[in-house]
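A.B. asks: Below you'll find the structure I mean.
The values are calculated or read from the model by the stated rules, or taken from the named source; none is laboratory data. A quick note: this is a predicted structure, and the numbers were derived from the prediction, not measured. Ideal geometry is used to build each Cβ from the backbone, glycine not excepted, and the neighbour counts take in all protein chains shown.
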Amino acid sequence: MDKPLSYDSLKSVLKHMSLKKREAINRQNPALRTISSSVPYVLENVVISNATFETDGRRWFTKSAWLQKSDLPIILVPTRDVVTLEETELTILQGNFSQAQFRVNKSDEEVLEQLFDDYIRNGTVVRGTLCIDGIPQFLKRRRENEGDLKIKVTNLELDIYGTKDYEHFIWFIDLDVLENVKFLAVENSLELLDKPEIQTCKNLTAIVKFGPGFPSVDQLRRLRNQHLYLKYYGFSLHELQLLVEDWITTGREVGTRFTWENHQFELEDVLGILQHLKTHFGAVEAGSNGNSTTLKMREDRELVMFCGKIQSGRDINYLFEMQVVAITPATGIGPT
């Protein structure tokens, strides 16, 4: 006869189960529910906003319910204006389909906080992407009291509007695990580029919606990401030239890569940029081949600049790219 699992063994098994299996066990075996409540989840994707919580394809959308005043039956008022009762209309979506809709005797903030506490536990792992699309009010008051809460996130996507919002959630993310960050750079959020964890994460994608001058070249120079992907139509050729010069003089590490995507780029635009840089840095040019230009950096490395492309629906978007590569000692040239 097989021995039952020990308490610690059972916790280990639960920790590695999918969310779907865990929730099924909670429904079928109340005795395991208490143990499961203390074990962190392994989640695929999580989205947190000021009105929604989403994980693993299921989305909870909160909205203040509306009640009729008995003395004014034709006037509807939000429940937050009624002292005796506060309700929230909660909609649960599975994919794009409504799975359930009901009212609960809690405020929308209380609902979101309960969802957060149920799924975001110390040690929770988000295997896909954590997307922060707004800050619920309860997070703004919990920072100082939650020092023991850390979740493991590899991919972080930000749609926030300032460093103050950033401080409300970054405290519960294990920065030793964080690798990839993608954020919408607006005027108030550009200071995020000065955060050490943003400057040094493995891959950084910055989508800039403002015109020239955002972000500054100095901010880009300070970044030390292995791959910086900049989607920015306002980035100028002169700014690019300054960035290339900085990469050469500071001796970036082998493998460091920069991609500039401009939705207006045609192939001829990128080739013109390469020709300009080839002419400007001609004194240190090591060689060129077709749609690429190579500049010498040190004895053991060089900077290869080239034209890349990505498929966007039926269209092709052309990119300017550059990467630091090692020089093969036997031939004196970088890899092809």
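A.B. asks: Taking the stated definitions as given, is His263 within 25 Å of Asn155 (Cβ to Cβ) and in the same structural domain as Met305 (by TED's automatic domain parsing)?
C.D. replies: yes
A.B. asks: What strands (runs of 3 or more DSSP E), lying completely within the range 283-336, carry at least 2 residues that are more than 31 Å from the chain's Cα centre (by Cα) and either assigned by TED's automatic domain parsing to the domain that holds Arg252 or at pLDDT 60 or above (or both)?
C.D. replies: The qualifying strands (runs of 3 or more DSSP E) are 285-289, 292-298.
A.B. asks: Being assigned to a loop (DSSP other than H, G, I, E, B), in contact (Cβ under 8 Å) with a residue 60 or more places away in the chain and crowded, with 17+ Cβ neighbours inside 10 Å: is that true of Ile160 here? So that I can check it myself, show each step before the final result.
C.D. replies: Working: assigned to a loop (DSSP other than H, G, I, E, B): yes; in contact (Cβ under 8 Å) with a residue 60 or more places away in the chain: no; crowded, with 17+ Cβ neighbours inside 10 Å: yes.
Answer is no for this residue.
A.B. asks: For Asn225, state whether it is crowded, with 16+ Cβ neighbours inside 10 Å, in contact with a Cys (Cβ under 7 Å, 6 or more places away or on another chain) and either free of Cβ contacts under 8 Å to residues at least 40 places away in the same chain or not polar (S, T, N, Q) (or both).
C.D. replies: Considered against the rule, which asks whether it is crowded, with 16+ Cβ neighbours inside 10 Å, in contact with a Cys (Cβ under 7 Å, 6 or more places away or on another chain) and either free of Cβ contacts under 8 Å to residues at least 40 places away in the same chain or not polar (S, T, N, Q) (or both), Asn225 comes out as yes.
A.B. asks: So for the range 24-32 (the condition being touching a Ser or Thr at 6+ places or on another chain (Cβ under 8 Å) and not aliphatic (A, V, I, L, M)), does at least one residue qualify?
C.D. replies: Yes, the range 24-32 contains a residue that is touching a Ser or Thr at 6+ places or on another chain (Cβ under 8 Å) and not aliphatic (A, V, I, L, M).
A.B. asks: Please work out which one of (1) in contact (Cβ under 8 Å) with a residue 40 or more places away in the chain; (2) over 22 Å from Lys296 (Cβ atoms); (3) loosely packed, with under 15 Cβ neighbours inside 10 Å is the condition Glu268 fails and give its number.
C.D. replies: Looking at each condition in turn, Glu268 falls short on (1).
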